[in-house]
Amino acid sequence: MSLTVGICLTTHNRCADLSRTLAALARLAPAPDEIIVTADGCTDGTLDLLRRAHPGVRLLVHATARGSIPSRNEMAAACGCEVFVSLDDDSYPLDGDFIARVRTLFTTEPRLAVASFPQRTDEFPATLTATDFGPGEFVGSFANSGAAIRRAVFRELGGYPDFFFHAYEEPDFALRCVAAGWQVRHETALAIRHHFSGAQRNEVRTHQRHARNELWSVLLRCPAPQLFAVALFRAARQFGYAWSRGPGWALREPRWWLAALAGVPRCLAARRPLPWGRYLAWMRLVRTPIRDAAAWTAIFGGEVA
């Protein structure tokens, strides 16, 4: 019996983008077993669109915005499928047989937890005309705007930290996957179209959330005594990035430092450090993906010490 595959996406005041995405999803053959959309504090007509034009979509409504991460956790809990495809409201699969191929992929690869897909995105114009995305490879992160996730693993590992609100949930989850011996793989045979809408985007805000959550992930997962050096390295690297964007960015860095400090007690209360060997191997994997399955198994396939 084939695996069931659903689609989950969250939206916040991007009615036009959502309409285009749902139209694209309607063209998939076979269709997904279910589609779930979380309207996260929408005030722009999104609810009217969904109820009028897409009655078959399962709708979850947040009267006020809770963030993309709590929304994705809620959809994963509500989804009745064995695999759910995570999308943004401005992204969708390009291949008409996408659902069938995801079913085959997760059926034939029982240790696969996450499959990420290359994106043809306006953020990087060269991808729009690329003819070859290269070979598939095992990776240390993925993008929720185009990934398929095995729901049983998502539940087993506890999903995403709700208090992250938005950003960095993907590398944090990928870390826990590979530390537990589950594969995260970039599958280049399928592709996602990501229009990368400018609506509801703020580069500085996104950077600061990413930096804050990256530091929180270190506090949650990195063992002592290494966490002190890793935390300092992460903060210094984020400051270096901000400085590269200009003094205005750098002067605003203390905002996320203060936000990160406020979350330290919560991180320490939820702290579940991973073995240093696995954590270090994941950091290397983020920088240098692995193409050979045997090489990946030699590093991550054994029992956790």
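The values are calculated or read from the model by the stated rules, or taken from the named source; none is laboratory data. Quantities reported herein were computed from a predicted structural model and do not represent experimental measurements. Backbone-built Cβ (ideal geometry, glycine too); neighbour counts: all protein chains shown.
A quick yes/no check of all residues on (1) free of Cβ contacts under 8 Å to residues at least 40 places away in the same chain; (2) under 18 Å from Cys79 (Cα atoms); (3) touching a Pro at 6+ places or on another chain (Cβ under 9 Å):
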| site | (1), (2), (3) |
| --- | --- |
| Leu128 | yes, no, no |
| Asn144 | no, yes, no |
| Glu169 | no, no, yes |
| Arg176 | no, no, no |
| Gly181 | no, no, no |
| Thr188 | no, no, yes |
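The numbered conditions (1) at pLDDT 95 or above; (2) within 23 Å of Ile149 (Cβ to Cβ) are all true for Cys42 except (2). In summary, helices (runs of 4 or more DSSP H) completely within the stretch 240-305 and bearing 2 or more residues that are aromatic (Phe, Trp, Tyr) occur at 254-262, 276-287, 293-300.
When His194 is tested against the conditions (1) closer than 23 Å to Trp296 by Cα; (2) buried (at least 17 other Cβ atoms within 10 Å of the Cβ); (3) in contact (Cβ under 8 Å) with a residue 60 or more places away in the chain, the lone failure is (1). In the stretch 269-305, of all residues being among the hydroxyl-bearing types (Ser, Thr, Tyr) and farther than 17 Å from Gly134 by Cβ, the one that is modelled with the highest pLDDT corresponds to Tyr279. Could you please let me know if Arg151 is within 25 Å of Ala126 (Cβ to Cβ), touching a strand residue (DSSP E or B) at 6+ places or on another chain (Cβ under 8 Å) and in contact (Cβ under 8 Å) with a residue 60 or more places away in the chain? Criteria not met by Arg151.
The condition (being over 29 Å from Leu128 (Cα atoms), outside any helix (DSSP H, G or I) and small (Gly, Ala, Ser)) is satisfied by just one residue among Gly56, Gly96, Gly6: Gly56.
Looking only at residues in the stretch 88-145 that are among the hydroxyl-bearing types (Ser, Thr, Tyr) and over 12 Å from Ile192 (Cα atoms), which one is nearest to the chain's Cα centre (by Cα)? Among residues in the stretch 88-145 that are among the hydroxyl-bearing types (Ser, Thr, Tyr) and over 12 Å from Ile192 (Cα atoms), the one nearest to the chain's Cα centre (by Cα) is Ser141. For first residues located in the stretch 1-30 and basic (Lys, Arg), partners that are at pLDDT below 95 and crowded, with 23+ Cβ neighbours inside 10 Å and lie 6+ apart or on another chain with Cβ distances below 8 Å do not occur. Note on the stretch 278-300: among residues that are loosely packed, with under 14 Cβ neighbours inside 10 Å and among the small types (Gly, Ala, Ser), the one that is farthest from Arg234 (Cα to Cα) is Ala294.
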